[in-house]
Amino acid sequence: MTVADRIQSDIDAAWAAAQGSSHRYHLGASVVGGRCAREVWYKFRWFHAVHHSGRLLRLFNRGHREEAHAIENLRKIGAVVQDTDPATGRQVKFSYLGGLFGGERDGAISNLEAYGLHGWGLVEFKTHGEKSFNNLKSKGLLTAKPEHYIQMQMYMGWSGFAWGLYYAVNKNTDEVYIAVVPFRVELYEQYTDRARSIIESNTPPPRVSEDPSWYICRFCDFKRVCHEQATPDKNCRTCTRCELRMASDSHAWHCGHWRSDIPQEYTRKGCDQWHPIQT
């Protein structure tokens, strides 16, 4: 292995070693619109931690860096872009369903009256590879990336915006795809109900397909636990003795064996009485 190869390998290894857990405490607006509700449920119940390669993590980080460039481009045409909350200096966060459903919006945008867009709207930034970008251009946002479209619906509903701007960049060519997305209250309500159903259910929703070779199932991170009955990761959320108790503005994970609420820091571990959910 050459010096250059060793340096590259060590960089990727450092990125891989530094990645945190893929288990998010809440159900994010970015995943609730996924094509398979069962996959979304698996993510929320922490059935399988997904670990990415260093190269892929660097690619994700590039997507985050691209936001600043996109904001600069929009400001060059006179747009006013707020990518943080002026009161906190951080991204605007949303939290609903007892703190178990929410997300962080990329930003808000205004001063686009010259384009027929009045008042404030949502702005969402995404990066795509060549194939994904071309699919986006040919099929449109709702068909090509429904999870992005639904994510925007949730943020618009929570923000009170009537429209949103989807700003996508082709990482290979720097070509830009922009879509104006109207707020659709029926979709907002539909996916709020979907989030509530997923959060409150102790059993997984139906599979999107019973054929594990179907393209969505074939590339799914949860294929083994879904179609091959593999044992899920050990933690409280994958235990049959764990019950979610919801209140209007709070929640608690309750252990039926120990007969007590589980402190948040312990839900990721499980105990010696762990009894895995079978799917």
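The values are calculated or read from the model by the stated rules, or taken from the named source; none is laboratory data. Just so you know, these numbers come straight off a predicted model, no measurement behind them. Neighbour counts are summed over all protein chains in view; Cβ atoms, including those assigned to glycine, are modelled from backbone coordinates with ideal geometry. Heads up: the accessible areas ignore ligands, DNA and RNA and are worked out on the full protein's heavy atoms, side chains in. Shrake-Rupley method; radii C 1.70, N 1.55, O 1.52, S 1.80 Å.
Restricting the range 122-155 to residues that are under 21 Å from residue 190 (Cβ atoms), outside any helix (DSSP H, G or I) and out of contact with any helix residue (DSSP H, G or I) (no Cβ under 6 Å at 6 or more places or on another chain), the residue that is least open to solvent (accessible area, probe 1.4 Å) is 140.
The helices (runs of 4 or more DSSP H) found entirely in the range 1-98 that carry 3 or more residues being free of Cβ contacts under 8 Å to residues at least 60 places away in the same chain are 3-18, 54-76.
Here residue 102 meets the list (1) small (Gly, Ala, Ser); (2) under 23 Å from residue 188 (Cβ atoms); (3) outside any strand (DSSP E or B) almost entirely, failing just condition (3).
Looking at 204, 182, 212, just one residue is of a type outside the set (Phe, Trp, Tyr) and within 28 Å of residue 247 (Cα to Cα), and that residue is 204. Does residue 45 fit the bill of being at pLDDT 95 or above, under 20 Å from residue 244 (Cα atoms) and either open to solvent by 50 Å² or more (accessible area, probe 1.4 Å) or in contact with a Lys or Arg (Cβ under 8 Å, 6 or more places away or on another chain) (or both)? Considered against the rule, which asks whether it is at pLDDT 95 or above, under 20 Å from residue 244 (Cα atoms) and either open to solvent by 50 Å² or more (accessible area, probe 1.4 Å) or in contact with a Lys or Arg (Cβ under 8 Å, 6 or more places away or on another chain) (or both), residue 45 comes out as yes. What are the residues in the range 156-165 that are in contact (Cβ under 8 Å) with a residue 40 or more places away in the chain and touching a helix residue (DSSP H, G or I) at 6+ places or on another chain (Cβ under 6 Å), if any? If the condition is that a residue be in contact (Cβ under 8 Å) with a residue 40 or more places away in the chain and touching a helix residue (DSSP H, G or I) at 6+ places or on another chain (Cβ under 6 Å), then 164 is the only one that fits. For residues in the range 174-212 being open to solvent by 60 Å² or more (accessible area, probe 1.4 Å), not β-branched (Val, Ile, Thr) and not in a loop (DSSP other than H, G, I, E, B), which is nearest to residue 114 (Cα to Cα)? Only one residue fits best here, namely 182. Can you tell me which residue is nearest to residue 37 (Cα to Cα) among those in the range 156-173 that are open to solvent by less than 40 Å² (accessible area, probe 1.4 Å) and in contact with a Gly (Cβ under 7 Å, 6 or more places away or on another chain)? So the residue we want is 156.
Any residue at all in the range 230-245 that is outside any strand (DSSP E or B), closer than 30 Å to residue 160 by Cα, open to solvent by 30 Å² or more (accessible area, probe 1.4 Å) and out of contact with any His (no Cβ under 8 Å at 6 or more places or on another chain)?
Taking the range 230-245 as the starting set, the residues that turn out to be outside any strand (DSSP E or B) are 230-238, 240-241.
This time we only want the ones that are closer than 30 Å to residue 160 by Cα, so: none.
No - not one qualifying residue is present in the range 230-245.
Scanning the range 90-128 for residues that are of a type in the set (A, V, I, L, M) and more than 28 Å from residue 193 (Cβ to Cβ) returns 109, 112, 114, 117.
If you go through the range 1-30 and keep only what is open to solvent by 30 Å² or more (accessible area, probe 1.4 Å) and among the aliphatic types (A, V, I, L, M), you end up with 1, 3, 4, 7, 11, 13, 14, 16, 17, 18.
Checked against (1) touching a residue at least 12 places away in the same chain (Cβ under 8 Å); (2) over 21 Å from the mean Cα position of the chain (by Cα), residue 238 passes all but a single condition, namely (2). Checked across the range 254-263, the condition of being closer than 30 Å to residue 35 by Cβ, open to solvent by 50 Å² or more (accessible area, probe 1.4 Å) and at pLDDT below 95 holds for no residue.
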